[in-house]
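J.: Quick one: the structure is below, questions incoming.
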Amino acid sequence: MIQKSSTPLKRTILASALTVGMLSAGAANALPAITQWAATVNSGFSAYSTDDPSKGGPFIASDTNPTLGLPSTLSWGVSWPLSNPQTPSSISVAGGTNGAWAGTLNTGAAPVQTVTFSHTNNNVTGQFLKTATLFDVITLQPINPLVGPVIPAVLTFAINFKETDNIAGTCAAASVTPCRDIFTLDITGTGLTIGADYSLNQLIKLSASPDDWYNVKLQLDGFGLLSNAECAAAGAAIGCLGFTTEENQVTVKGASLSIQKVPEPGILGLLGASLLGFVATRRRKQK
């Protein structure tokens, strides 16, 4: 089963989204340093598929994000054994707010927690989640000083998911209780770069001056390089990024945002190359 969701608002956001160098005032004079930003994050699932619809069982999309019109929770499965009923398995970015967050960021300050990603990993039967597309819209507005319009970033992440068989000796990921489920997150096409700490980074430019560059950093708890066996089990390419979750538990991963004023991209390019080299070396060591 493959489901897709689209709303006029989503299409409008996509059409108006800007990429690296999102905003340029067109002036060579540097703007005052931005010390504070108003920020929003809206998350939902724009597409999803199951392993085998013929296996039956419920698959429910719920907790609609009010801005995107997309579900922020996907749940599936029938508890097994039936004598020990549990809630269905699910993935969610709802976090009690249906995938919506608003707050402020201070330049150079510690990361701020935004939405959460959670996985309820129960022993269930029926059709399971196989793939999903996580659709995120992040906006930034300089407020101290108040300059320029709102800066939007539209991010689409492809998720591969492996609902494991829970049979000892077959686990791709080391597990206390067989077997840990596996998530992979593909950032291809987002325009984000991967830091040495596996953070996801986006440069923004506020004017034509070389002094008006900032780096926005998105960090997901526990996100990192998976083993070859874990990638293969999830149907992802070797060297994939993601995380695993323990059986019979609810795992919650926080997503944080921070922003730093940075040097002009010529210098950043050299630094970025060294970080990518670090990641590539880590991947080769796991092969």
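The values are calculated or read from the model by the stated rules, or taken from the named source; none is laboratory data. Small disclaimer: the values here were computed from a predicted structure and weren't measured. Reconstructed Cβ throughout: ideal geometry from the backbone, glycine too, with neighbour counts over all protein chains shown. Surface areas here come from the heavy atoms of the whole protein model, side chains and all, with no ligands, DNA or RNA. Shrake-Rupley method; radii C 1.70, N 1.55, O 1.52, S 1.80 Å.
J.: In segment 108-165, which residues are open to solvent by 30 Å² or more (accessible area, probe 1.4 Å), of a type in the set (A, V, I, L, M, F, W, C), more than 16 Å from L70 (Cβ to Cβ) and assigned to a strand (DSSP E or B)?
T.: V112, I143
For (1) touching a residue at least 24 places away in the same chain (Cβ under 8 Å); (2) open to solvent by 50 Å² or more (accessible area, probe 1.4 Å), each residue gets a yes or a no:
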site: C171; (1), (2): no, no
site: V176; (1), (2): yes, yes
site: D186; (1), (2): yes, yes
site: G189; (1), (2): yes, yes
site: K205; (1), (2): yes, no
site: P210; (1), (2): yes, yes
site: D221; (1), (2): yes, yes
site: C231; (1), (2): yes, no
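J.: Check segment 180-194 and report whether any residue there is out of contact with any strand residue (DSSP E or B) (no Cβ under 9 Å at 6 or more places or on another chain) and either within 23 Å of Q249 (Cβ to Cβ) or among the small types (G, A, S) (or both).
T.: Let us first name the residues in segment 180-194 that are out of contact with any strand residue (DSSP E or B) (no Cβ under 9 Å at 6 or more places or on another chain), namely none.
The answer is no; no qualifying residue exists.
J.: A follow-up question, please. So, A236, is that one out of contact with any Cys (no Cβ under 8 Å at 6 or more places or on another chain), of a type in the set (A, V, I, L, M) and open to solvent by 40 Å² or more (accessible area, probe 1.4 Å) or not? Reasoning before the result, please.
T.: Details: out of contact with any Cys (no Cβ under 8 Å at 6 or more places or on another chain): yes; of a type in the set (A, V, I, L, M): yes; open to solvent by 40 Å² or more (accessible area, probe 1.4 Å): no.
No; evaluated as a whole, the condition is false for this residue.
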